[in-house]
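Chemist: Pasting a structure here, questions to come.
The values are calculated or read from the model by the stated rules, or taken from the named source; none is laboratory data. As the structure is a computational prediction, the values presented were derived from the model and not from experiment. Ideal geometry is used to build each Cβ from the backbone, glycine not excepted, and the neighbour counts take in all protein chains shown.
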Amino acid sequence: MQEIQQVIREDLGKEIHDLFQSFEDTPLGAASLAQVHKAVLYDGRTVAVKVQHPKVQAQSSKDILLMEVLVGAVKQLFPEFEFMWLVDEAKKNLPLELDFLNEGRNAEKVAEMLKRFEFLKVPRIYWELSTRRVLLMEFVEGGQVNDKAYMEKNQIDVNKISQQLGKMYSEMIFVNGFVHCDPHPGNVLVRKCPGTGKVEIVLLDHGLYQILTDEFRLDYCHLWQALIKADMKRVKKYSQRLGAGDLYPLFACMLTARSWDSVNKGIGQAPVTANEDVEIRNNAATYLPQISQLLNKVPRQMLLILKTNDLLRGIETALSTRASASSFLNMSRCCTRALAAHKKKKTCSLLKRTQISLEESFSLWQINLHELFLRVRGSWLGNLVFALLCWLSPTPH
């Protein structure tokens, strides 16, 4: 607490008791860079106070230097392991994470960007009491997004939460190219809004975002469309455009966390089995040198996207909703919208823009029809929908 008091005194110019009516000494959460305390302002607002550890700024440069030396030593001992990208990423991202004003700006940007999602709650930032080392936010309570027992107790539908999480991140990645890259369960809460009773996903910790270039984002859209449709020629083409080279089968497996056999059949065709999980783990160990080589080859933007994918997959596994068809359909919708928006942006012809809009509407209608088929599969209506889809679309569903 003495260190926390010191940072608040230095940055805000006042003692804790002058700023807050009450301030809980025990932190709500603590990590390597900062810790968060619950407090109440004199006007009655309950807030979360994120305070950076005082020695982090000075220590971080030494940590990066040490990391660089150790990774260099590993490279000398094991030439096949390429991990210098790890140092490069730390050098780029750590200064951004240590600037809490940058975190506050990110929070407001993503809240505005995704305001159409009524289920998303981003805590408000109180700028008048925020600095590079202290961030004051609206206090929001909830259960962790991977806490199935909490959701069952509060009658929250885990399938709906998983679906909404997928929608939110697909929108960030494919449409906006501005991606929250730390969705570990401590940073994503679920709650029933006290005022309305509506279920909300609360997104916290906005220090680490990845900004995707249009070229990368559109290639990534094309790749996921190809993966969903099991179009292997295009999987190879867009994997190679994203730097995977001849390791494109491994790249496809890493992105989807599915076996190569499942990728070839279509990742939306069947959920992950226990046997496939074992196969994936064994292959991850076997192909570790190739994985490190691949991570060194892909664009830097891909590294945090892979991290984000893995964290989201972990949440889906905890909720038993992993690799559901609906998540792939949501991704497909976002890819369709993103690619159509890009085409419309590139043309000045009203006729061409109208044509692109009609094609987009038709593709989205096909996805909706396919979703209907999945819901009623096995019934006479499902068979009719499937027959209609096969007739309408040249690509496999």
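Chemist: State the number of residues belonging to the range 190-217 that are out of contact with any Asp or Glu (no Cβ under 7 Å at 6 or more places or on another chain), more than 23 Å from Phe178 (Cβ to Cβ) and outside any loop (DSSP other than H, G, I, E, B).
Modeler: Adding up the residues that qualify gives 2.
Chemist: Of the numbered conditions (1) surrounded by fewer than 16 Cβ atoms within 10 Å (Cβ to Cβ); (2) at pLDDT 85 or above, Pro271 fails exactly one; give the number of that condition.
Modeler: (2)
Chemist: Check whether at least one residue in the range 62-79 is over 21 Å from Gln210 (Cβ atoms), more than 22 Å from the chain's Cα centre (by Cα) and touching a residue at least 60 places away in the same chain (Cβ under 8 Å), and report yes or no.
Modeler: no
Chemist: Ok, one more. Looking at the structure I just gave you, is Gly266 touching a residue at least 12 places away in the same chain (Cβ under 8 Å), in the same structural domain as Tyr220 (by TED's automatic domain parsing), surrounded by fewer than 20 Cβ atoms within 10 Å (Cβ to Cβ) and under 18 Å from Cys335 (Cβ atoms)?
Modeler: It is true that Gly266 is touching a residue at least 12 places away in the same chain (Cβ under 8 Å), in the same structural domain as Tyr220 (by TED's automatic domain parsing), surrounded by fewer than 20 Cβ atoms within 10 Å (Cβ to Cβ) and under 18 Å from Cys335 (Cβ atoms).
Chemist: Mind listing whichever residues of the range 117-150 are in contact (Cβ under 8 Å) with a residue 40 or more places away in the chain and either basic (Lys, Arg) or assigned to a helix (DSSP H, G or I) (or both)?
Modeler: Once the filter is applied, which keeps residues that are in contact (Cβ under 8 Å) with a residue 40 or more places away in the chain and either basic (Lys, Arg) or assigned to a helix (DSSP H, G or I) (or both), the range 117-150 yields Lys121, Leu129, Arg132, Arg133, Lys148, Tyr150.
Chemist: Can you tell me which residues in the range 242-263 are crowded, with 16+ Cβ neighbours inside 10 Å and either of a type in the set (D, E, K, R) or not assigned by TED's automatic domain parsing to the domain that holds Arg281 (or both)?
Modeler: Across the range 242-263, the qualifying residue is only Arg258.
Chemist: A further question follows. Would it be correct to say that Pro183 is part of a loop (DSSP other than H, G, I, E, B) and surrounded by 19 or more Cβ atoms within 10 Å (Cβ to Cβ)?
Modeler: Here the answer is yes, as Pro183 does meet what is asked.
Chemist: Does Ile315 count as assigned to a helix (DSSP H, G or I) and over 25 Å from Gln240 (Cβ atoms)?
Modeler: yes
Chemist: I'm told Lys236 meets every condition in (1) over 28 Å from Trp260 (Cα atoms); (2) in a helix (DSSP H, G or I) except one. Can you identify the failing condition by its number?
Modeler: (1)
Chemist: Quick one: which residue in Tyr248, Tyr238, Tyr220 is of a type outside the set (A, V, I, L, M, F, W, C) and in contact (Cβ under 8 Å) with a residue 60 or more places away in the chain?
Modeler: The match here is Tyr220.
Chemist: Between a residue in the range 200-215 that is assigned by TED's automatic domain parsing to the domain that holds Ala338 and any residue that is part of a loop (DSSP other than H, G, I, E, B) and basic (Lys, Arg), which pairs come within a Cβ distance under 8 Å, given they are 6 or more apart or on different chains?
Modeler: Correct list of pairs: empty, since none qualify.
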